[in-house]
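The values are calculated or read from the model by the stated rules, or taken from the named source; none is laboratory data. Nothing here was measured: the structure is a model prediction, and the numbers come from that model. Quick reminder, even Gly has a Cβ in these numbers, built from the backbone with ideal geometry, and neighbours come from all protein chains shown.
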Amino acid sequence: MTTPYKVSKYIISQPLDEHSMLVYSTLTSSLVLLENDLYTTYFENASFEDESLCRQLEEMGFLADAQQPSQLSQLLDIRKSVVETDGITSITIAPTMECNARCYYCFERGARRGTMSLETADALVDFLDKNCLSRELYIAWFGGEPLLATDVIDHIVDGLLDRDIYVESTITTNGILTNEKLLQKFKKWNVSRVQISLDGIGDAYGRIKRFENIEGDPFELIVGIISMLLDSGMSVHIRLNYKSTDESEVKEAFDYFHRRYGSHENLYLYGAPLDLPEIKGYSEFDREEGDIFHNVLRMSLDHGYENDELNYRDGVNISEDYNVALGELMLSPFPASCLMADRWRFVVDDQGILYKCQKHLGKPKYSCGDVFGGLKENAYFKYYATSELHDESCADCPIFPICQGGCNANRLLYGDKFACPPSKTIMKKLVMDYYRLLSDDHRDGEDMAIEMPLEGGQNEDYL
């Protein structure tokens, strides 16, 4: 008797040509190329007569055993494992909410300003000492502008090292204060990566940043600083901010930095749309913004830039199985809507207040405790630290294994439609991009991950 199967909800189908169909599983990241008649038989007509072929498609996630626990329940179990962890291993710290730039788009507009006192820093160290059970801690220094508070960072790092807690860190900064002296501090803080956000090039950069107390041409200064960081061997991520409705400025900036640095081994260059819901904002119905997002995404891919953020080979964050191509194309399945689903992952502001997302920094109404009194499992904490969905309709979405319900912060701040990832409108294009990348690897002599099930259940490499 043939096993009762059903077609997975979590697939993206894209015609390759008039004879064949690409099918991608967002659950397993498997990609198959099927002749049209096979695709019609199994995926449209749900005719499952060939047991051997069905088993292969089930193993790759395209079919599911109708009598076994559903793929949705498996995803729920994965999300539960992310929520229920044991102690703090990663934290985002804003040692100051002050900033020397005045960007018009800053999501922290309206947030309270201030710099962390040493007393609060000591309470933070105590809080981490109590809750970092592994004695290994990954810190993302954030702000405000964190380099306005290097004495506070020193104090926190010294305190953690005195408690025998190993520290590895990254810094998100506008970068303009970086100098040779700070490079020495980066070594002490065990900084593995510096992310610098840029807005345009030349005079446009200065007009948007509107730096305070900076002498000279801001753009020339920041370019020199980037060069210094790269020459020092530091991993540098340059985030090129852009309006989601206009790709012209980000393309100009991308071309400039690529001409200047090429595909430098320590550089990751990428574009990122700003959160500006009053302009338009991404939604599942906006094809124009999706196409622009795709064009900007390809700027990184086509020039060989690879994001090493999830691909550390030593240190606290180890991920040996990270697939660069899938990561770049936003096709990788993910265990939760974001890592803040982890009940022990927090963002801390200058007053020691705990939050579940950096978008809430300096806005105490979104807090879930502080480093003095500890965690409060209130409504905002539970909004993030949950395996349950805020929108049940997400469970039937083909990209659910990738976004796991979307961005909780955007849903909370802007509304449901802003929770969806910007890649949602271009998934078919991304699947085609992935196929072409794999095809190029195959022609270059590397193993190819695409298989084509044929009549009789045999598998052959295609191409």
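Here are the numbers for the structure shown:
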quantity: Tally, over the range 233-270, of residues that are of a type in the set (D, E) and either in contact with a strand residue (DSSP E or B) (Cβ under 7 Å, 6 or more places away or on another chain) or not in a helix (DSSP H, G or I) (or both); calculated: 4
quantity: In the range 139-152, the residues that are touching a strand residue (DSSP E or B) at 6+ places or on another chain (Cβ under 8 Å) and surrounded by fewer than 21 Cβ atoms within 10 Å (Cβ to Cβ); calculated: A140, L148
quantity: Qualifying residue in the range 216-233 (condition: touching a Lys or Arg at 6+ places or on another chain (Cβ under 8 Å) and in contact (Cβ under 8 Å) with a residue 40 or more places away in the chain); calculated: yes
quantity: Residue that is within 27 Å of the chain's Cα centre (by Cα), of a type in the set (D, E) and closer than 24 Å to Y366 by Cβ, where the choices are E168, E136, E145, E119; calculated: E145
quantity: Count of residues meeting criterion [closer than 20 Å to F334 by Cβ and more than 25 Å from the chain's Cα centre (by Cα)] in the range 1-32; calculated: 1
quantity: Residue match in the range 134-141 (condition: without any contact (Cβ under 8 Å) to a residue 60 or more places away in the chain, over 30 Å from S227 (Cα atoms) and not polar (S, T, N, Q)); calculated: yes
quantity: Among (1) over 26 Å from the mean Cα position of the chain (by Cα); (2) more than 30 Å from G206 (Cα to Cα); (3) not in a loop (DSSP other than H, G, I, E, B) - the single one D151 does not satisfy; calculated: (2)
quantity: Lone unmet requirement of (1) surrounded by 18 or more Cβ atoms within 10 Å (Cβ to Cβ); (2) basic (K, R); (3) touching a helix residue (DSSP H, G or I) at 6+ places or on another chain (Cβ under 7 Å) for K188; calculated: (1)
quantity: Within the range 1-25, considering residues that are hydroxyl-bearing (S, T, Y) and modelled with pLDDT under 95, the one surrounded by the fewest Cβ atoms within 10 Å (Cβ to Cβ); calculated: T2
quantity: Long-range neighbours under 7 Å by Cβ, at least six apart or interchain, first residue in contact (Cβ under 8 Å) with a residue 40 or more places away in the chain and over 18 Å from L22 (Cβ atoms) within the range 56-69, second polar (S, T, N, Q) and surrounded by fewer than 17 Cβ atoms within 10 Å (Cβ to Cβ); calculated: A64/S70; D65/T3
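Per-residue answers, yes or no, for (1) closer than 27 Å to S30 by Cα; (2) crowded, with 22+ Cβ neighbours inside 10 Å:
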residue	(1), (2)
L329	yes, yes
A336	yes, yes
Y355	no, yes
K359	no, no
K363	no, no
F381	no, no
H390	no, no
C397	yes, no
P401	yes, yes
